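These notes concern the structure reproduced below.
The values are calculated or read from the model by the stated rules, or taken from the named source; none is laboratory data. Because the structure is predicted, anything quoted here is derived from the model rather than measured. Cβ coordinates were reconstructed from backbone atoms using ideal geometry, including for glycine residues, and neighbour counts include every protein chain displayed.
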Amino acid sequence: MSKRFDRNTGAKLRPDLSIKLTIIDRLRKTDPVVSSSAQKRGPLGPLWESICLNLDWVLNSRLALNKPDEMYGELAKSMYVYGVRDLAGSRFDSPREYSRLRTEITELITLFEPRLTEVSVDKPDRPRVGTLRFRINALVLVDPEPERASFNIEADSGSGEYDVEAVD
């Protein structure tokens, strides 16, 4: 089988690839309009949109309670720990705080987005004043072979809200 490429985007054509979305994605799908970013990805576009939406949900949810004690091992893998701690009062310029949040985001993504593996959360080269920025690199588990993916995450220091965007 020869590998063919789209003339416009240079993306590898994969006519044999069919993506089955999660039940939640299929139930909430009411609008047939697909974003231009998703269209560039071909048959993987709806999957990327779904992953971005799930990342957005987990990062914009606030952890209401402290993390459970280690003696409650299964609780640490449950919805009890869904969300990010409140960033109010956090110092974005502190390397220690940045590292701690990076570790927390990596753990959250690993736990609550099972379609991603080999997750790494990196600090971008040029952070903007008043924002906290990360780049997520991961492997998306799709058949017949996994695909590399990157997502930009930006947190507003005032509101604490995260914005998630797939990188083309």
Here is a check on your reading of the model: is L132 modelled with pLDDT under 85 and part of a strand (DSSP E or B)?
yes
Lone unmet requirement of (1) assigned to a helix (DSSP H, G or I); (2) modelled with pLDDT under 85; (3) aromatic (F, W, Y) for W57
(2)
Name the pairs whose Cβ atoms lie under 7 Å apart, with the first residue in the range 103-125 and without any contact (Cβ under 8 Å) to a residue 40 or more places away in the chain and within 17 Å of M79 (Cβ to Cβ), the second among the aliphatic types (A, V, I, L, M) and surrounded by 16 or more Cβ atoms within 10 Å (Cβ to Cβ), and 6 or more positions between them or separate chains?
E104/V84; T110/V119
For the range 29-54, name all the residues that are modelled with pLDDT of 85 or more and either surrounded by fewer than 16 Cβ atoms within 10 Å (Cβ to Cβ) or not in a helix (DSSP H, G or I) (or both).
L53
With the structure loaded, tell me whether D86 is part of a loop (DSSP other than H, G, I, E, B), touching a strand residue (DSSP E or B) at 6+ places or on another chain (Cβ under 9 Å), of a type in the set (D, E, K, R) and modelled with pLDDT under 85 or whether it fails that test.
yes
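Conditions (1) assigned to a loop (DSSP other than H, G, I, E, B); (2) modelled with pLDDT of 85 or more, marked per residue:
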position: L111; (1), (2): no, yes
position: P114; (1), (2): yes, yes
position: T117; (1), (2): no, yes
position: D125; (1), (2): yes, no
position: R128; (1), (2): yes, no
position: A138; (1), (2): no, yes
position: D143; (1), (2): yes, no
position: F151; (1), (2): no, yes
A76 passes all but one of the listed conditions (1) under 21 Å from I51 (Cβ atoms); (2) at pLDDT 80 or above; the exception is number (1)
Among the residues of the range 60-83, which ones are part of a helix (DSSP H, G or I) and touching a residue at least 24 places away in the same chain (Cβ under 8 Å)?
K77, V81
